[in-house]
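Undergrad: Structure in structure tokens, see below.
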Amino acid sequence: KHATEAGFTLLEVIVVLVITSLISVVLIQGLGIVLGVRTRVANNIVDLDLGVLHRNLVLEPLRGTVPEYPNRPYIFSGNGQRIRALTVRAIAERAGTPTGYTMTLDYKSERGETVVMYEEDGHEAIELMSWKGNSGAFSYRDRGGDWSDMWPTDKPASQTPWVIRLEPGDKETPTMVASIAGTHKRQLRMMDGNVDGASM
């Protein structure tokens, strides 16, 4: 008797190799899809984080807006394209330091974008965020809930608005709303005396 030799035939080896190749192709394709999805999700998260950061840079000085003393340069004034005011949440200066700032919406025709420019007293202007197109406007609301495209309005009101809204007018950029939590009237000092409009 001859002992049966153990092993695989050539046909069996070829079948195994073909099946292994097919499984490898499927796995590699699946891995490519997973990595592609992962990359897209990671990019979306980065874009989302940057968007949130830019919006917070815009909102922070607005939220920290405080009233100015009479006859000083940074008494709150605003229209659809520009705000000039005093804030305690400055970007360049130390937090808590009353700092005059100007925020404007400027259209850059060479880029086809509207940019939010921010400038603090004594510092160069910086770009906080941008969006496509020539659009966007600030608006202001008083305690009674009436919106206006100008501040101060023609009605008696506090020196600063209660809410400031920035509507980019771009479908991809959400509306931003800043609620001013602090006082809206500046307490007079002895040196101010009886100034007209002091109750503002």
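The values are calculated or read from the model by the stated rules, or taken from the named source; none is laboratory data. Computed from a prediction, not measured in an experiment: that's the story for all the values here. All Cβ positions, even for glycine, are placed from backbone atoms using ideal geometry, and neighbour counts span all protein chains on display. These accessible areas exclude ligands, DNA and RNA; they are computed on the full protein's heavy atoms, side chains included. Shrake-Rupley method; radii C 1.70, N 1.55, O 1.52, S 1.80 Å.
Undergrad: Give the Rg (one decimal place) followed by the Dmax (whole number) of segment 88-191, computed from C-alpha coordinates and expressed in Å.
TA: Radius of gyration, then largest Cα-Cα span, for segment 88-191: 15.7, 52 Å.
Undergrad: Here's a follow-up. R0 = 35 Å: FRET efficiency of Asn134 with Leu31, Cβ-based, nearest 0.05?
TA: 0.20
Undergrad: Based on Cβ point charges of +1 for Lys and Arg and -1 for Asp and Glu, what charge dipole magnitude is obtained for segment 51-102 about its Cα centre, in debye rounded to the nearest 20?
TA: The calculated dipole for segment 51-102 is roughly 60 debye.
Undergrad: Given a 1.4 angstrom probe, what's the average accessible area per residue across segment 94-184, in square angstrom?
TA: Accessible surface, normalised per residue, equals 55 Å².
Undergrad: If you don't mind, another one. Mind listing the phi-derived Karplus ³J(HN,Hα) values for segment 74-88, rounded to whole Hz, using 6.51, -1.76 and 1.60 with θ = phi - 60°, and x for any glycine or proline?
TA: My calculation for segment 74-88 gives 10, 4, 4, 8, x, 9, x, 10, 8, 10, 10, 6, 10, 9, 10 Hz in order.
Undergrad: Determine the share of segment 10-159's accessible area contributed by carbon and sulfur atoms, expressed in whole percent, with a 1.4 angstrom probe.
TA: 59 percent
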